[in-house]
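The values are calculated or read from the model by the stated rules, or taken from the named source; none is laboratory data. In this text the structure is predicted, and so the values were computed from the model without any measurement. Every residue, glycine among them, receives a Cβ derived from its backbone with ideal geometry; neighbour counts consider all protein chains shown.
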Amino acid sequence: MKKHQNLSDPVTLRLPRDILEEIEEIEEIATLCDRSRSWVMVRAMKAYLASEGKDIRNIHAAKAEIAEGRHCDLDDVLDDVDAIIKDEAA
């Protein structure tokens with residue numbers, strides 16, 4: 001068993017100049033939160049992965065399902081919904 005476990009790995013990243021100009025904002029946020037600049041950047045990455053990143057993965061999975069023939073025609077679904085509604089109203 002390892003005595004010392006690495007909890008993080010260093011990453012080198014190229015940033016567009018307009019983002020680099022906003023580094024002061026990251027520094028300010030880190031200072032206001034009494035956290036490191038890395039902490040702020042990790043939070044930003046986690047937020048991206050939880051929203052847009054998740055959407056991208058879900059869209060890719062849905063496209064794969066359609067390509068495999070695992071899908072329902074919208075008109076069929078709407079017909080089923082109409083039938084359910086009519087049965088409940090009767």
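Residue-level analysis places Val11 among those that are within 23 Å of the chain's Cα centre (by Cα), of a type in the set (Val, Ile, Thr) and exposed (fewer than 11 other Cβ atoms within 10 Å of the Cβ). Here are some residues: Arg37, Arg57. Which one is among the basic types (Lys, Arg), out of contact with any His (no Cβ under 8 Å at 6 or more places or on another chain) and modelled with pLDDT of 95 or more? Arg57 is the lone residue from the list that is among the basic types (Lys, Arg), out of contact with any His (no Cβ under 8 Å at 6 or more places or on another chain) and modelled with pLDDT of 95 or more. Given the criteria at pLDDT 95 or above and either surrounded by 10 or more Cβ atoms within 10 Å (Cβ to Cβ) or under 22 Å from Ser8 (Cβ atoms) (or both), does Ala44 qualify? No. Taking each residue of the stretch 38-62 that is touching a residue at least 12 places away in the same chain (Cβ under 8 Å) and looking for partners that are among the small types (Gly, Ala, Ser) with beta-carbon atoms closer than 6 Å, six or more apart or interchain, yields Val40/Ala30.
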